[in-house]
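Taken together, the values in this text are just the output of simple stated rules run on the coordinates, not laboratory data. Owing to the predicted nature of the structure, the values given are computational and were not obtained by experimental measurement. When we count neighbours, we look across all protein chains shown, and the Cβ atoms used for this are built from the backbone with ideal geometry, even at glycine.
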Amino acid sequence: MTDESLSSFASSASSTLGLTLNYQPLDIAFVRGIGCHLFDELGRRYLDAFAGVAVSALGHAHPKLTAAIAQQAGTLLHASNHYRNPGQLQLSQRLADAGFPGRAFFCNSGTEANEAAYKVARLWGRRPGHGSKHRMLAFANSFHGRTLGALSVTANPAYRDPFAPLPAAEFIQYGNVQKLAATMGPDVAAVFVEPIQGEGGVNVPPVGFLAQVRALCRQHDALMICDEVQTGIGRTGYAFGHQFESVTPDVITLAKGLGGGVPIGAALFGSSCGELLTRGLHGSTFGGNPLACAAALTVLNEVLSPDFLAHIQARGAQLQSGLEHLFGPQTVVRGRGLLWGVQLDTEPRPLIEACLAEGLVVGSAAHQTLRIAPPLIINAELIDDLLARLRRALLRVPQTNPPKIPR
Ligand SMILES: *Cc1c(COP(=O)(O)O)cnc(C)c1O
């Protein structure tokens, strides 16, 4: 890729006629993928270390996922939630096998999953005989989605402020149990928490934090809603990110990797609140249709297959030590499993573009974070290749996090 084409990344595509202006895409179109590799229109090959924002859990054109989708497409795509849907039952059973037994509501995205959780939190707060629990707590740098309910518990002012007024929420420093304890009260309906904050900068909370959130929610009769949209489905080396601390939230929300690229979201409600969403209180036309369920079942079967989570943990450890070695001890590298952030001291865009020039797709998160989230099927050789490409990209932008020792 020429330097000229690199410098045109930011400007050319954003004026694409016919599309809204809310994205500013890089001027590169991926038209094909296989395994952990993507190909652009010119046939150039890239190692995918972003998985379309932690979505393509099984990589691209995975034979089992492709076959399941094709098989279901040739059988029945959709019938609606007016009829019993065996795929949804199977999928909820598989999610229970993964460690969260409960009642599942299926939808089409992460924000919808959180919207459903939010509505159940409202119902929880209005149970007869429990007073009026209406306060919603969340954490600074949280991201829960773009619809108004999910946005109201999303911290980023750039996302929130243009759409004020939003339903009220209170934000507490992520990881600060003392602050949370001081803010809790009998009028709190729910606490929204990500096991690791993805969009907010791949922020890993102190060990014990989730357990303490769990205890405080129990003490104050508030729902603990774990947003696992990014951390779920094996991403952190556990089926669900909260399992790192062996806590049981009241609600977990899923999307991103769940369908491996086919849109599907889910809100899972544990025994405390699983019966609150009764007839007519919520719904989705597409939610959990046979196609989406077939895809998600295939993804879960792979992620829950023997040794797969151990594979993610091993590849994660390899990636972590490679990143730490590459960036040097002055740079913070944080994450778990196959979700990693590197704290840059500049905006990530030049490095992301340099990576593309080296045939590597990486992403960013808030606060100058480089985000690396490859397909979960990545192997040891490709992790080495990822690190080698990243090393070469760093040589193109030497002003990014210069280490004291040469790279
Ligand atoms: C991406 C994300 C969402 C929103 O998901 P969409 O499918 O884009 O609506 C919500 N929560 C977390 C933690 C996410 O990473």
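Listing for the model above:
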quantity	calculated
Whole-Å distance, taken between Cα centres, linking the range 38-91 and the range 107-129	27
Translational D in µm²/s for the chain (Stokes-Einstein at 4 °C, 1.567 mPa s, Kirkwood Rh from C-alpha pairs)	59
Translational diffusion of the range 271-407, µm² s⁻¹ [Kirkwood Rh, Cα pairs; Stokes-Einstein; 20 °C; 1.002 mPa s]	123
Which of ASP97, ASP161 has the fewest Cβ neighbours within 10 Å, and the rest in rising order	ASP161, ASP97
Two-decimal log10 I(q)/I(0) for the range 351-395, as the Debye equation yields it once each C-alpha is a single scatterer, q = 0.13, 0.15, 0.30 Å⁻¹	-0.27, -0.36, -1.14
Projected-area mean, the range 300-363, by convex hull of Cα positions, square nanometres	5.3
Anchor LYS179: lysines whose Cα lies under 27 Å away (excluding residues fewer than 8 positions away in-chain)	LYS119, LYS133
The range 339-406 versus the range 214-236: alpha-carbon centroid distance in Å	30
Relative contact order for the chain, counting Cα pairs under 8 Å that sit 6 or more residues apart, in percent	21
Near-label residues of the range 223-260 by backbone N, under 12 Å of a point 7 Å along Cα→Cβ of TYR159	229-230
Stretch gain in nm, segment LYS179-GLN93, where the contour uses 0.36 nm per residue and the Cα spacing is subtracted	27.2 nm
Chymotrypsin sites (Phe, Trp or Tyr not before Pro), loop per DSSP, at most 11 other Cβ atoms within 10 Å - longest free stretch of the chain	84-407
Of the DSSP H helices in the chain, those whose Cα atoms cover at least 18 Å axially and whose Kyte score averages -1.0 or more	110-125, 290-303, 308-327, 380-396
Descending semi-axes in whole angstrom, ellipsoid equivalent of the range 75-187, from the Cα gyration tensor	30, 18, 15
Proxy reagent accessibility, fewest Cβ within 10 Å first, across LEU19, LEU277, LEU58	LEU19, LEU277, LEU58
Stokes-Einstein translational diffusion, the range 57-136 - Kirkwood Rh over all Cα pairs, 0.890 mPa s, 25 °C, in µm²/s	155
Cα gyration tensor category, rounded, prolate or oblate, for the range 148-210 with a/c compared to 1.5	oblate
Exposed-loop-free span, longest in the chain, where GluC sites (Glu not before Pro) count as exposed if DSSP calls them loop and at most 14 other C-beta atoms lie within 10 Å	42-274
Dmax and Rg, reported as Rg then Dmax, of the range 99-138 (C-alpha, Å)	12.2, 34
